[in-house]
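The values are calculated or read from the model by the stated rules, or taken from the named source; none is laboratory data. Bear in mind that the values here come from a model prediction, so they are computed numbers and not experimental data. Ideal geometry is used to build each Cβ from the backbone, glycine not excepted, and the neighbour counts take in all protein chains shown.
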Amino acid sequence: MNHDRAHQLVSNMIDNVETVVVGKRKVIKWITVALLAGGHVLIEDIPGVGKTLLVRAIAKSIGADFKRIQFTPDLLPSDLTGVSIYNQKEARFEFRPGPLMGNIILADEINRTSPKTQSALLEGMAERHVTVDGTSRALPELFFVMATQNPIEYEGTYVLPEAQLDRFLLKLSMGYPARKDEFDMMNRATGRDPLDDLRSVLTVDDVLRLQHEVRSVFVSDSIKNYLLDIVTATRKHPMIYLGVSPRGTLGLLQAVQALAFVEQRDFVVPDDVKAIAPYVLCHRIVMKQEASYANLTASDAVAEILSQIKVPVLNKESIQ
C-alpha cells in the first residue's frame, strides 16, 4: 500500500470516529494504535462516559463485524465461544458460533463475570482461537477486543488476574468530557443515534494491510536498547514486586511502531516511547505492599523510571 494512502486512511478513521465521540481524539488515537499493532485495549472507567459508543464507532468506521458481550456473574464460557447442537434431522452436531466470533468485540464490564468465563476470553485473545467441545476453532484474522471494567472498588467486581491483564496491549481511561465538549453533546442530543449517519471510511482488508505496514516501521538499535532499559528498570525498582514481562517488552515495541505510523513516520523516535509507555506498562506492574503506604502507584513508578533513563540521541544514520 502507498504510504501516503495508508496514512490518509488512518487519519480518516480517527477523524470519522471523532465526529461521534466528541473531545476524545487522544483516546481514539491510542485505540487506533492498539488496533494497528494487533493488540487489545482495556478501558477502566465509570459507566456513561462513552466507551460503548467509541468501540461501535470504530467498528462502523471500518465496516467490521461488531459484537457486544455484556459480562454478568452468570455468564458461561459457552455464551462467548458458541455451542455444538445436535441436528436430529441430519444426525450430526452443528456448531453455532458465539459472539466472540467477530472482528471488533466489546467485552463490557469484564470484571463482573467469573474467572472461568474470563479464561475463555483470554484463550481467544492469546491464541486467536477458541476450544468448543474439544475442537479448536479459529477466530477471524482481524480480531480486536476492547474490554471495559469498572473500578475495582465497585460492588460485584472481580480482580482480573495478571495473566489476563498482560494480554491487553494498552490500558486507558476516558474520563469526563470537558465542559465545552459536553455542551456540544447536549446540542447534538436530538433523539437520533449519532451512529446512524456514520459511514465506513476503510475496510477490514485495509486494516489488515495497515497492520502489515506497521510491522515494517524501522526501530533502531538505540531505541530497542532504550526500551530494554525501561523494562529492566521496572524489574529492579525497589517498590515494584513484579516488573514488566517479556511479552510486555514486545508489546511496547509493537505499540511504538504503530504510534510512529499513526504520526505518519516510518521510524520510531524516543518521544514515541515516552508518550505510550505508561499505557503499555502500568497495568503489567504489581507494586509491593509498602508502596501503598508511600502512596506510590504504578503510574508514579513508570513516570519516575522514564525521567531517570537516559534518552538516546538519534542521528541520520540511526533512522535509515
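Looking at (1) within 21 Å of the chain's Cα centre (by Cα); (2) under 30 Å from Arg265 (Cα atoms), which is the one condition that is false for Tyr176?
(2)
Give Pro99, Pro47, Pro73, Pro77 a once-over and let me know the one that is within 25 Å of Glu162 (Cα to Cα), surrounded by fewer than 23 Cβ atoms within 10 Å (Cβ to Cβ) and touching a strand residue (DSSP E or B) at 6+ places or on another chain (Cβ under 6 Å).
Pro99
Quick one: which of Lys116, Lys67 is among the basic types (Lys, Arg), farther than 28 Å from Ser200 by Cα and either assigned to a loop (DSSP other than H, G, I, E, B) or without any contact (Cβ under 8 Å) to a residue 60 or more places away in the chain (or both)?
That would be Lys116, the only listed residue that is among the basic types (Lys, Arg), farther than 28 Å from Ser200 by Cα and either assigned to a loop (DSSP other than H, G, I, E, B) or without any contact (Cβ under 8 Å) to a residue 60 or more places away in the chain (or both).
Confirm whether Thr234 is β-branched (Val, Ile, Thr), part of a helix (DSSP H, G or I), within 21 Å of the chain's Cα centre (by Cα) and assigned by TED's automatic domain parsing to the domain that holds Ile309.
In short, no.
Output yes when any residue across the range 250-258 is under 30 Å from Tyr293 (Cα atoms), surrounded by 18 or more Cβ atoms within 10 Å (Cβ to Cβ), free of Cβ contacts under 8 Å to residues at least 40 places away in the same chain and in the same structural domain as Ser307 (by TED's automatic domain parsing), and no when none is.
Looking for residues that are under 30 Å from Tyr293 (Cα atoms), surrounded by 18 or more Cβ atoms within 10 Å (Cβ to Cβ), free of Cβ contacts under 8 Å to residues at least 40 places away in the same chain and in the same structural domain as Ser307 (by TED's automatic domain parsing), one finds at least one in the range 250-258, hence yes.
I'd like the full set of residues that are in contact (Cβ under 8 Å) with a residue 12 or more places away in the chain and outside any helix (DSSP H, G or I), limited to the range 267-296.
Hits for the range 267-296 are Phe267, Val268, Val269, Ile285, Val286, Met287, Lys288, Ala294, Leu296.
Give me the residue from the range 133-148 that is free of Cβ contacts under 8 Å to residues at least 60 places away in the same chain and surrounded by 19 or more Cβ atoms within 10 Å (Cβ to Cβ) and, out of that set, nearest to Arg209 (Cα to Cα). Please lay out each step first, then the result.
Filtering the range 133-148 for residues free of Cβ contacts under 8 Å to residues at least 60 places away in the same chain gives 133-139, 143.
Still in the list and also surrounded by 19 or more Cβ atoms within 10 Å (Cβ to Cβ): 139, 143.
Numbers: Leu139: 18, Phe143: 14 Å.
It comes out as Phe143.
I'm trying to understand the selection: among the residues of the range 178-206, which are part of a helix (DSSP H, G or I) and either farther than 30 Å from Ala6 by Cα or assigned by TED's automatic domain parsing to the domain that holds Ala258 (or both)? Full working, then the answer.
Restricting attention to the range 178-206, the residues satisfying the condition of being part of a helix (DSSP H, G or I) are 179-188, 204-206.
The answer is Arg179, Lys180, Glu182, Phe183, Asp184, Met185, Met186, Asn187, Arg188.
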